[in-house]
Amino acid sequence: MNNSKKFAGLAGLASVLWMGLTAAVAANQKRLLFNPLGSKREVLKPYSTGHRTRPIVVRAKDGTRLSGWLMTPPVAGPHPGVVYFGGRSEEVSWVARDAGKLFPGMAVLAVNYRGYGDSHGDPAEEHFVDDGRMLYDWLSERHHVDPKRMAVVGRSLGSGVAVQVAMERDANSIVLITPYDSILAIAKRKFKAIPVEYVLQHKFESIKYAHQLKAPTYVLRAAVDDIVPHSHTDLLVEKLGALHADEIVPDSDHINIPYLESTQTRIASFLASRFNA
């Protein structure tokens, strides 16, 4: 076999492998991006010492059953409201456990995404955002909640949900924990040989919406983050319409940051200052 035929053969093999890898990423993107870890709760019996805590079921607009927790202060309202959006693979029962420190004196709604925890349905960006807007409206309409003092809090993947919800609702304040410019940009960095812009269905392009956010936005980064490198957060922060602060939490990484006392104290302080202004 001459060299030209060998080269053609190798090129053909490379092309087949490339197409196969691209197809595999396209077919498995929901697992790669969302990866819900079944219905196992992070906290078996979630309960906030600072709130009345009750499990709830809310129906999405298409009837899908979404399950989570509503936490309300024990004193009469109306109270400020907070809607929490979790990260990849995150089951949100831990929010009910930690709400007393994170969200003192606030009504809190933490609901698992479709396919997470006890929530039904399949995960998808469109569903997460549509459900997020519905949950925001649901909480703001409770008789014990002040609709003019509503905040959205999003962690990692959920920061992309929080940004899109806040863009279309009159939020009082926004907290973004380890946020990114877009999942598309992170995927392109990870899969450099694949045209992910053509196969990725769930792009979560927060950077496109950031300039439209009017509420003060508090950004918290992990000291060490190999999931969302700081360069991706930098690009988002540059576009935010109303940046309140951009801080790094000492001794934190992408996984432990929301559970740290330092993180929880910072969030509670920021939201209290906004709600009491």
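Miscellaneous remarks
- Which listed residue is out of contact with any His (no Cβ under 6 Å at 6 or more places or on another chain), closer than 27 Å to S93 by Cβ and among the aliphatic types (A, V, I, L, M), from L235, L220, L240: L220
- Filter result for the condition that a residue is among the β-branched types (V, I, T), at pLDDT 95 or above and in contact with a Pro (Cβ under 8 Å, 6 or more places away or on another chain), over T53, T72, T64: T53
- Any chance E261 is open to solvent by 80 Å² or more (accessible area, probe 1.4 Å), free of Cβ contacts under 8 Å to residues at least 12 places away in the same chain and either acidic (D, E) or in contact with a His (Cβ under 6 Å, 6 or more places away or on another chain) (or both): no
- In region 173-191, the residues that are among the polar types (S, T, N, Q), surrounded by 24 or more Cβ atoms within 10 Å (Cβ to Cβ) and assigned to a loop (DSSP other than H, G, I, E, B): T178
- The C-beta contact set for region 126-154 (first residue without any contact (Cβ under 8 Å) to a residue 24 or more places away in the chain, second residue assigned to a strand (DSSP E or B) and crowded, with 17+ Cβ neighbours inside 10 Å, distance under 6 angstrom, 6+ apart or interchain) is empty.
- Lone qualifier among D251, D234, D225 - being among the acidic types (D, E) and touching a Ser or Thr at 6+ places or on another chain (Cβ under 7 Å): D225
- Selection from region 209-228 of residues that are touching a Lys or Arg at 6+ places or on another chain (Cβ under 9 Å) and exposed (fewer than 14 other Cβ atoms within 10 Å of the Cβ): H211
- Residue ID - most open to solvent (accessible area, probe 1.4 Å), chosen from residues in region 229-258 that are among the small types (G, A, S) and at pLDDT 95 or above: S231
- Residues satisfying the stated conditions in region 140-165, i.e. open to solvent by less than 10 Å² (accessible area, probe 1.4 Å) and part of a helix (DSSP H, G or I): L157, G158, S159, G160, V161, A162, V163, V165
The values are calculated or read from the model by the stated rules, or taken from the named source; none is laboratory data. Worth saying up front: this structure is predicted, and the values here are computed from it rather than measured. All Cβ positions, even for glycine, are placed from backbone atoms using ideal geometry, and neighbour counts span all protein chains on display. Quick note on the areas: whole protein, heavy atoms, side chains included, nothing else; ligands and nucleic acids left out. Shrake-Rupley method; radii C 1.70, N 1.55, O 1.52, S 1.80 Å.
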